[in-house]
Amino acid sequence: MSETHLTGAEIVLRALRDQGVEVIFGYPGGAVLPIYDAIFRQNAIRHILVRHEQAAVHAAEGYARSTGKVGVVLVTSGPGATNAVTGLTDALLDSIPIVCLTGQVPTHLIGNDAFQECDTTGITRPCTKHNYLVKDVNQLARIVHEAFHVARSGRPGPVVIDLPKDIQFADGVYVGPEHVQHKTYRPQTKPDRAKVEQAVEMIARAKRPIFYTGGGVINSGPRASALLTELVRLTGYPVTNTLMGLGAYPASDRQFLGMLGMHGTYEANLAMHGCDVMVAIGSRFDDRVTGRLNAFSPGSAKIHVDIDPSSINKSVRVDLPIVGDCEAFLEMALEIWRERKPRIDKDALAAWWRQIEEWRAKRCLSYEKTDRVIKPQYALERLREHIRGKDAYISTEVGQHQMWAAQFLPFEEPNRWLTSGGLGTMGYGLPAAIGAQIAHPNALCIDVAGEASILMNIQEMSTALQYRLPVKVFILNNQWMGMVRQWQELLHGERYSESYSEALPDFVKLAEAFGGVGLRATKTSELDDVIRTMIETPRPVIADICVDQKENCFPMIPGGKAHNEILLGPSETLGEATPEEGMVLV
Amino acid sequence: MDTTIERHTIAVLVDNEPGVLARVIGLFSGRGYNIESLTVAEVERDRGLSRITIVTSGTPMIIEQIKAQLSRLVPVHKVRDLTEEGPHIERELALVKVAGMGDKRIEALRIADIFKAVVLDATLSSFVFELTGTSDDLDRFIELMRQLGLVELSRTGAVAMSRGSEGL
Ligand SMILES: Cc1ncc(C[n+]2csc(CCOP(=O)(O)OP(=O)(O)O)c2C)c(N)n1
Ligand SMILES: [Mg+2]
């Protein structure tokens, strides 16, 4: 092989190209100028200039989540890197594959408190899956290829490459990805067959089964979702998805019980509580899902399939742990099921479904139908009707609107729901929608937002305008940090400390100031027109939907309570005040 | 759930690269695990491998988590729970400085002899002892020296290895 000599900056671009990268989300600065110079002198990779480095990472997350590819970020040293930290942490908690290149001061200045120096690898060590500081230009190509391998394999996550400026200028040897293999990092993806056989047996013998699946199924690729759907239909069992897992199973299907957890449906949570066999696939028994741990699904045998061994037995002891990729597990399980054609207990299953239907008949997501104000749930139901059948991607901010979006919007396919689950990052939705729109130029990308959250990355409207991205920001404007207000109402004696937004911008004018289109609905009668116009306008739109200020999000399992202590609506109070231990929970 | 606190000695083989120790320590502090002792040194120069020995304590579930979390770090090659895997040997080294005159000085020397400690330095009013043994041996020796004029103490933390012919 003849050696290729390039500068560090050229090596970066070449390695990205060889990794199949088409787009970088970034923001320039002194410590990455050589790379920006290299970007200028090529056409293969597109650079999207965001307006804040946090948004660069969220945009890359939206891109990654909606395509299954690795999202790529480029930021400068010091403030560029520290601004990216929230995004990296978000990607870590939601297992999103990201490679983030950060500029660094030249090697000889590291440790001198140089201008725009910060200890990037030190700061990002706990919020990345792995990170590198490049000290030798001849290692650069290997490190970039390795970073992609680490970011996308096993449980995906963010990887930072810190690149001193002198390394970007230095000449070095380029090696292609085919010559790079990580010394040790080879996560187990193929599950142990004997265990899968045991799982099939347990599943087949169940009398009150439930599939409880999470973001791991989405991360495993669209085929995993298809296989899950096959397995669930083959068994006739009920299935629930976590917030991160929505879309893995078609939401409109009868066997789907909706989302589970703190704001999950009554039927999903009670089925989890009362099941005798729980099949957890790519879900991680997060505290938002389990509620009070010692009362979590007390009578069930639990099977847990996860690619990350550290997710297994972390908070909930399971009976059958299976380490492996969800797709590989599902494929094997289906094959074994078809081979053995196990006979399931049809009577028990019918009785279980009767019970579930009883729970379902409570219609836990119902809300007051009125013309007086726009109920946020109604706004989402109308949105649902308008996007039905369209090629739509939905992102959200964080708060009540996020939970309502999860409850009311129809997710029939994976990779179309982009939300910040683990970290709960306000400000995620708009940049994520931008990332999705870059990947799917002709799709309908909507950020379901709250008026407080949207202000955390509103500057990204400029990005949307610059690249003519017709993203839609659908604000459920209740003038409150609604989720904070709800907790204060229910748990803090209605003392509404600092949760009301005394001063809000005029979102219509704000949209216009950015060069976009602003719309507003204050009455139910205006809603359909506004949604229709929003969807039909081929430009960035902010739709300010002025909704009921006092609406709360139900069902709700208050902190420290069990699944069967779920509150259905405002008429149900917390009864005995929440126990102190529950209050301290977030 | 089993809530008994167990003490485990874990051997970890890692790439000897910058930041790897920070990663391991950060994992323990970030997740609130205990470190009773931690030692590290390069063990294979050509392959660039270091071995970390960690003595930690926690419930069985926490110990399991610690091992899973360690295994998940990218530069980690192997994680072995020596306590769980069977008989193993643990050794620690201590340097113990004792100062005093008269009877106490003689007594310190006598006890050091019983423990087979080595005198590394002596002045008319002090000794520096070197003692190798299990951490418990060291604890007992140090406790006695406290009463005999202990002025300074330095311990390595435990290193450990399984018995028998198998390698890590
Ligand atoms: C960056 C960040 N800061 C604070 C919070 C805590 N928080 C969670 S929801 C919320 C209120 C969100 O208000 P809004 O965007 O208006 O949504 P709503 O709940 O009203 O629908 C806050 C402050 C958070 N999740 N993220
Ligand atoms: Mg609000």
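Per-structure values
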quantity	calculated
Shape category assigned to region B:1-68 from the gyration tensor of Cα positions, a/c cut at 1.5	prolate
DSSP bridge pairs, the protein assembly as shown: antiparallel proportion in percent, nearest 5	45 percent
FRET E, pair A:Glu526, A:Glu498, Förster distance 25 Å, beta-carbon r, rounded to 0.05	0.20
Which of A:Lys523, B:Lys67 is most accessible, then next, and so on - probe 1.4 Å	A:Lys523, B:Lys67
Rounded if a/c under 1.5, otherwise prolate or oblate - region B:89-160, Cα gyration tensor axes	prolate
Solvent-accessible surface (1.4 angstrom probe) belonging to A:Phe329, in square angstrom, nearest 10	0 Å²
FRET efficiency estimate (nearest 0.05) - Cβ-Cβ, A:Val180 to B:Ala22, R0 25 angstrom	0.50
Euclidean distance between Cα centres, region A:539-567 to region A:229-303, Å	20 Å
Cα-based Rg of chain B normalised by 2.2 N^0.38 Å, two decimals	1.21
Amide N of region A:255-279 lying under 15 Å from the label point, which is placed 7 angstrom from the Cα of A:Glu572 along Cα→Cβ	A:260-274
Sequence-separation-based contact order of region A:394-492, relative, with Cα cut under 8 Å and 6+ spacing, percent	32 percent
10 Å Cβ neighbours from other chains, averaged over peptide B:68-76	6
Estimated FRET transfer efficiency (B:Arg140, A:Leu491; beta-carbon r; R0 45 Å; 0.05)	0.30
Mean Cα-pair separation over length for region B:89-160, i.e. relative contact order, pairs under 8 Å, 6 or more apart, %	52 percent
For chain A: rounded, prolate or oblate by the Cα gyration tensor [a/c cutoff 1.5]	oblate
Mean separation of Cα contacts under 8 Å, 6 or more apart, over the residue count of region A:237-323: relative contact order %	22 percent
Using alpha-carbon coordinates, inclination of helix B:60-72 to the longest axis of chain B, degrees	70 degrees
Cα convex hull volume per residue for region A:247-399 (Å³)	169 Å³
Exposed-loop-free span, longest in chain A, where GluC sites (Glu not before Pro) count as exposed if DSSP calls them loop and at most 16 other C-beta atoms lie within 10 Å	A:23-367
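The values are calculated or read from the model by the stated rules, or taken from the named source; none is laboratory data. This structure is a prediction, so every number in the text was calculated from the model and none was measured. As a convention, Cβ positions derive from the backbone with ideal geometry for all residues, glycine included, and neighbour counts pool all protein chains shown. For accessibility, only protein heavy atoms count, side chains too; no ligands or nucleic acids. Shrake-Rupley method; radii C 1.70, N 1.55, O 1.52, S 1.80 Å.
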